[in-house]
Every structure is written in structure tokens, then in C-alpha cells.
Amino acid sequence: MNDHHPHWMLAGVAEETAPRSTVDLWPRIKRAALQKQASHRRSANRSRRFGFAMLVVILPLVLAMVLSPAVRAQVQTWVGAIGGQMFTTSGDYPGDDEPVTTVANESLSLAEARETPGMAIDLPSWVPAGFVLQDPVSVLQLGDGVTRVEITWSSPENGAILLNIEQYPAGSESNWLVSPESIEEVLVDGEPAALVRGAWNANAKQWDHMDFLSLYWKSGVQNYILRGLGGQISAETLIRMAESIP
């Protein structure tokens, strides 16, 4: 029902008037209309004041989320497992102003690296044409008892492919920090794996190197990371290599 319509104002006045009386209804209709308009103006003013008050409360919160790096980082953060490996996404560079640390590595022949206790080092049976296995390989002892073996195939025209095989102590696991929207789930031999585009730039302190591709998956107790460097290596190439590892 529309209370503003003159028909309803007229009906309201008529109901209050004796049926046989002769009454000039216009003054009462006019007063009723003015009273109704005044009532709606007060209601509208209250609504505007309430809306303005809500805006005053909400606007600083929205600005805080947009301008505060801490809040913005929390909004962008996601933590989860893909392909048996843990990931955290964040738009903030992980190192802040700390200097980049270099981990010492041991250069061993592939045969010597295969003698590393607890490590199973199997190579892909398929590698794209033009890529040559580099021997020796690198063995790194990272923090918290993590052992990593790095194996490289290089091509003068097409860049390099790196295979990292990592062994974690019982009860610990990886947690890779990557940029939001850089990670997607793919399949390796029908099992989930994570494909990440780009890498952190330590000099610019931001996510960069969009010509880098990294494929993460887990097999048994070992973590595998296959990286394509140089922009000439596709996701399909990395997946095919990964699926050819025994």
C-alpha cells in the first residue's frame, strides 16, 4: 500500500467524518499530506544519519585493509598442500631486508651422489632434444636436516632444466612461499602436482622471473621439484619429464 497516494489520504479523512455532515475536506487533506511529508522527511533524515554513521565506521576499516601491509598480506595469504607439498601464498617478499644467504654445496659425480644415505636418485628416461646432463651434480645439506640433490640439463639455445630431489627428516615437511595466483594444480601420472610460474627476485624484493616454471610433486618420502629456466620450456615438457622418472 502506498501511503503517499492522495486516494489513501482522502479515505483516511473520510472515515473520520460523519456520513451526513457537509465538510470541506481540502484543509484536512492538505494537513494530512503535510504531516505525512514531514514524517517521511524525518525518517529520511534518520536514515541518512544512520547511513553516514555506518560509512564513517566502515570506511576506515576498508582503508586499513587497502593501505596496511600487514592486513593486506593476511588477505592474500593461503596455506595448503598440493601434490604432497605445502605452500603459502603471499604478496610480500619473504626476506624483508635480510641479506641473501648462500648454502654451501658439495660437487659430486652422479654415481657418488647416488650413495647418499636414504636418497633414491632416479633420472627421467625422457629429456627434450638438445638438453645435456651435467655431471657432476650438487648435494646440499640444508637446515633442519634436509638433504637436496640438484641435477641439471642444459641447452645453449633453450636454457636449463633443474631437478631437485629432497629428503626431509621424519615429522618435517616443506613449506614453499609463492606469489598469489602463481600456483595451479596439474596432474603427473594422474596424481596432483603443483605448477608455479615465476620466482622471487631477491634484488627487487618482489615476485618476478615469469619465464621460470617449477613443477612440485611427491613420490614416496621424497619431494621432487623440476624447474625450467629460460622461457623455452613448457609445462607439458616438465610434466612429460616427471612422468618418465621411474
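Just so you know, all these numbers are worked out from the coordinates, no wet-lab data involved. Because the structure is predicted, anything quoted here is derived from the model rather than measured. Cβ atoms come from the backbone with ideal geometry, glycine included; neighbour counts cover every protein chain shown.
Expressed in nm to one decimal, what extension gain is obtained for the pair residue 232 and residue 81 from 0.36 nm per residue of sequence separation less their Cα-Cα distance?
Length gained, residue 232 through residue 81: 51.6 nm.
First select every other residue whose beta carbon is under 15 angstrom from the beta carbon of residue 144; then total the charges, Lys and Arg +1, Asp and Glu -1.
-1
Using Cα pairs under 8 angstrom and six or more residues apart, how large is the relative contact order of region 79-243, in percent?
Reported as a whole number, the value is 25 percent.
Can you tell me the Rg and Dmax of region 117-156, counting just the alpha carbons, in angstroms?
Rg, Dmax (Cα atoms, Å): 12.6, 38.
With a sphere of radius 13 Å drawn around the Cβ of residue 230, what net charge do the other residues whose Cβ falls strictly inside it have (Lys, Arg +1; Asp, Glu -1)?
Here the count lands on -1.
Hey, could you pull the Cα Rg and Dmax for region 94-219, both in Å?
Final numbers for Rg and Dmax: 15.8, 42 Å.
For residue 80, what charge total do you get from the other residues with a beta carbon under 13 Å from its beta carbon, if Lys and Arg give +1 and Asp and Glu give -1?
After counting each charged neighbour, the total is -3.
Would you calculate the convex hull of the Cα atoms in region 190-246 and tell me its volume per residue in Å³?
91
Starting from 0.36 nm per residue, how many nanometres of slack lie between residue 201 and residue 135 once their C-alpha separation is accounted for?
21.0 nm
For residue 123 and residue 103, what is the calculated FRET efficiency with R₀ set at 30 Å and r taken between the beta-carbons, to the nearest 0.05?
Calculated transfer efficiency: 0.85.
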